[in-house]
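The block underneath contains the structure these notes are about, expressed in structure tokens.
Nothing in this text is a laboratory measurement; each read-out follows from the coordinates by a stated rule. Because the structure is a prediction, the values reported are computed rather than measured. Every residue, glycine as well, gets a Cβ built from its backbone with ideal geometry; the counts of neighbours run over all protein chains shown.
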Amino acid sequence: MSKIKCNEIETIDGTQTLQVGALGLGLTGETWVNETDNREIGIEYTNTEGKSIMVVIVVLPGADGKVDTNLRVNEYTLSKVRIAETVETTNQYTLTAIIPDGSTYELTNYADRAVIDQWKELK
């Protein structure tokens, strides 16, 4: 059984019209897309999907075994990983964010202290 949240019922000429709110992320046929080969650190991207998307990025430590990276949305840091001590270069760290329609998003990096392992987008 599915339920739809109704924002308003309007009667025009005896006919009732339902105005339905937008369905949430994951409820309108989105699928996970592997963008690993299409995304780079330090490049600003714009969500042009016409709806919010979810971004999940898995990073590995840089060559010096440290991690210092941010996932920024519209210039705000929403997800951050900073490991100042040397760790195994096989350790994985995940950054996630919901990107509203029309918003920009970027994975930033300090001193090459992150390597993209996976970049997935639910869109």
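Could the peptides 107-116, 37-46 be put in order, highest first, of the mean number of other beta-carbon atoms found within 10 Å of their residues?
The packing order, highest mean first, is 107-116, 37-46.
Net charge near Thr36, counting Lys/Arg +1 and Asp/Glu -1 over other residues with Cβ under 11 Å of its Cβ?
The answer is -3.
Return the distance in nm (one decimal) between the two label points of a simple spin-label model at Lys51 and Ala63, each offset 7 Å from Cα along Cα→Cβ.
That separation, rounded to one decimal, is 4.3 nm.
Please state the relative contact order of the stretch 23-122 as a whole percent: Cα pairs under 8 Å, 6+ residues apart?
45
Please give the peptides 61-67, 25-31 ranked by average Cβ packing (other Cβ atoms within 10 Å per residue), highest first, as a rough proxy for protection.
Sorting 61-67, 25-31 by mean packing, highest first, produces 61-67, 25-31.
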